[in-house]
Amino acid sequence: MTMRKISLDLRSSMPQLVLFIVILLCSMAGNSQLNAREKLAKGTIRDIVTGETIDMATILIYPGFEHATTDELGRFYILAKKIDSLVVTALGYGRKVISNVNFHGRENTIALTRRIMELRGVTVALGPGDQFKPIGKLDIRIRGVNNSQEVLRLVPGLFIGQHAGGGKAEQIFLRGFDIDHGTDVNLTVDGVPVNMVSHAHGQGYADLHFLIPELIDKVSFKKGPYHAEKGNFTTAGFVDFRTKNVLETNMIKLETGQFNTHRLLGMMNLVDGKKSESKPSAFIATEYMYTNGYFDHPQNFKRLNVFGKYRQQISKLNSVSVSASTFASNWNASGQIPERALQSGFIGYFGAIDPNEGGNTRRNNVNVELSSRLRNGGLIRNQVYYSRYDFELYSNFTFFLNNNLDGDQIRQKERRNLLGYNSSYSYTGFVGEKKLATAVGVTLRYDKTNNTELSRTKDRDIVTSPIQLGDISEFNTGAWANNTIQWSRSLSMTAGLRWDRFDVQYSDKLGNAVRGNAKAGILSPKLNFYYQLNNKTQFYLTTGKGFHSNDTRVVVQTGGKEILPAAYGLDLGMIWKPASDLFIQTAIWYLKLGQEFVYVGDEGIVEPGGRSRRVGVDLSLRWQAVKSIYLDFDANYSNARAMDATKGAAYLPLAPVFTSIGGITLKTDFGINASLRYRYMGDRPANENYSRVAKGYMVTDAVLSYTTKEFEIGMSVQNLLDVRWKETQFDTESKLQNESAPVSEIHFTPGTPFFLKGHVSFYF
């Protein structure tokens, strides 16, 4: 047994460390110096029915041009020489005018009433770091979420693909990345990480199926490595999901559709805490789903979700939220099929070479959040979470390449305990006439897996060859600081820095690999600028360094090399509202990655792919054509290349080149709602020299419903035009049992055919 200890010399990062300390000290100052001639208007914006806070609401001061947007807790701060009235607008709410507001040290609470969605509620206001929030709030309010797959599709430019029967985490594509299952995008639900480090199936594996779509209250996403509060996997960006704190109404929902598909959902308030933050609230939600799927071999897919949350104001300044959930899923899968098997007639389009693929997974979460308001207006948030996770997956990518008798089926399995702690302090005040928002935080995360396994199997039951078996422990300590200063009515800047340290250990139980531990640290500076040209146009320049960690097993075996490959990015963008009913956002961006990861599942290894760079353009458009009709359009172009490869062999396999998502949505006052949507992915390289092509596709979906206060009835259609499309594609070398030599070609998973599903919901 060989033991190795590897550390990263931080002397070369001393300038960044000094900057971090300076930002930290400035952030902790927390004292406001107000001009005596100025008046401070501060308060919280809430929903009049639920009592929930409203972020991204805009507050305008009259007379004058002072304005502000509410933060994630619905709070605002405005400094003005004269205040006669406030005008408050927010997406999906009626406009409200407040006169004769008392500003003598009081924090005012303003309640807004919901209205049918109008783009007039979207404002272009100076809100550092929030350049994507208007899009996120628009989409979840207008489009809603119709199924679990739609959860991630709320992010403009993000595509997903399922290739293992519905129970496996989706393959993710974003900004020129084939992210696999989460290597380069950070996903959280209520602050609990979804990505799994050193997972049995691949680094960053992110299974979001434990999230019940109807419980989503907010979706916050930001692209690029520009935000200090986010650490590991935040290279292409991050997505935060926040669940509801209180239900607007109790609900029972029934769904049924083709392929023996059924879903039952129930959500019920146990303690109704609407209209008042001081009242406790509690609810429970349960989801059960079953489907045989559209493949020739039934999937027998089953999923059970139970989620409960309790929130209590324990004192005037302190509140606590406790949530717990359990999730279980099991399924069969047909896996990927080679083009030659289809063309020869050996199997049909929805057939399988190995029908014994599939798996099961379970996850139990407990999450406790404590929020404490300070008398100076600051906020301290503490969070502790725990997850118990079990995973078992059976796959067969190469069929009979390695074992002509029993086949190449593999089992990937693990049991994991995940424990974490997040703490942050934030404060907004004024130094002279300059608005200063500061925030600091720490993050702790500990992952411990037992018997992380990779074995060759037959019919799931018989182990023909063990490949890997061991225990993994990984401890991530992080600290971050942000300072945002609004220099003037038009210009603001955010400077941030993050420090992370990783201590990892692998204990090999097969006795044929290196055992040991490694450690490393990384500093990630950020610097962002926002310029408000007028009340219709904002420009932003965001820059920063991020990283994604490598698999612990690889790190230990290679002597600690490439533990934390860095990513360097830049976005130059514009938010523009040329008319009251039209919203446009565009950006050009650049991202350089210190190391690409290529996971070879059959061998349990991560191959280094070298340095890479990506450049691209994003465009988003939201238009309210008339009162009840909305159009949305997203187009994304990216050019991804390997930096260390020879010319002509520098393509990054499966990296998307051009994607587009869009649709038209109808929402009426009398309850009829409908939408027609498309998603398009263009052709892209399947290998390094583009000699093989992953074919593009365009799929159209439709939804129609009628909603009243008591019930909703509707139907949805996936793949309305019943096109034949390939949801996932890979250039793989495989061998069928009757073949004398292996063949390298495109292997694919067929996408959903025409799929009709109906639903009825009852509200009480």
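The values are calculated or read from the model by the stated rules, or taken from the named source; none is laboratory data. All values reported here derive from a predicted model rather than from experimental measurement. Glycine also receives a Cβ, built like all others from the backbone with ideal geometry; neighbour counts cover every protein chain displayed.
A few remarks follow.
- Scanning the range 660-704 for residues that are touching a Gly at 6+ places or on another chain (Cβ under 6 Å) and surrounded by 20 or more Cβ atoms within 10 Å (Cβ to Cβ), we see that the one that is nearest to residue 175 (Cα to Cα) is 681.
- Candidates 598, 555 - the one that is in the same structural domain as residue 232 (by TED's automatic domain parsing), under 30 Å from residue 507 (Cβ atoms) and without any contact (Cβ under 8 Å) to a residue 40 or more places away in the chain: 598
- Residues satisfying the stated conditions in the range 416-456, i.e. under 17 Å from residue 393 (Cβ atoms) and surrounded by fewer than 21 Cβ atoms within 10 Å (Cβ to Cβ): 450, 451, 455, 456
- Residue 350, sole failed condition from (1) within 30 Å of residue 243 (Cα to Cα); (2) outside any strand (DSSP E or B): (1)
- Once the range 220-250 is narrowed to residues that are of a type in the set (A, V, I, L, M, F, W, C) and within 30 Å of residue 318 (Cα to Cα), the residue that is surrounded by the most Cβ atoms within 10 Å (Cβ to Cβ) is 228.
- Flag for residue 216 being among the aliphatic types (A, V, I, L, M), touching a Ser or Thr at 6+ places or on another chain (Cβ under 9 Å) and crowded, with 19+ Cβ neighbours inside 10 Å: yes
- Taken over the range 211-236, the criterion of being within 19 Å of residue 154 (Cβ to Cβ), at pLDDT 95 or above and either of a type in the set (Phe, Trp, Tyr) or not in a loop (DSSP other than H, G, I, E, B) (or both) is satisfied by 233 alone.
- Restricted to strands (runs of 3 or more DSSP E) entirely inside the range 648-744, those with at least 2 residues that are closer than 23 Å to residue 295 by Cβ and out of contact with any Lys or Arg (no Cβ under 9 Å at 6 or more places or on another chain) are 726-734.
- Scanning the range 331-347 for residues that are of a type in the set (A, V, I, L, M), touching a residue at least 40 places away in the same chain (Cβ under 8 Å) and assigned to a helix (DSSP H, G or I) yields a total of 1.
- Within the range 745-764, the only residue that satisfies the criterion of being of a type in the set (D, E, K, R) and out of contact with any Lys or Arg (no Cβ under 7 Å at 6 or more places or on another chain) is 757.
- Test: residue in the range 491-498 that is touching a strand residue (DSSP E or B) at 6+ places or on another chain (Cβ under 8 Å), surrounded by fewer than 17 Cβ atoms within 10 Å (Cβ to Cβ) and either outside the structural domain of residue 434 (by TED's automatic domain parsing) or farther than 20 Å from residue 593 by Cβ (or both): yes
- Criterion violated by residue 618 - all others in (1) over 20 Å from the mean Cα position of the chain (by Cα); (2) modelled with pLDDT of 95 or more; (3) not hydroxyl-bearing (Ser, Thr, Tyr) satisfied: (1)
- Check on residue 657, assigned by TED's automatic domain parsing to the domain that holds residue 236 and within 30 Å of residue 505 (Cβ to Cβ): no
- Positions within the range 541-570 being part of a strand (DSSP E or B), surrounded by fewer than 23 Cβ atoms within 10 Å (Cβ to Cβ) and not charged (D, E, K, R), in sequence order: 541, 543, 566, 568, 570
- Against the numbered list (1) in a strand (DSSP E or B); (2) within 19 Å of the chain's Cα centre (by Cα); (3) without any contact (Cβ under 8 Å) to a residue 60 or more places away in the chain, residue 262 comes up short only at (2).
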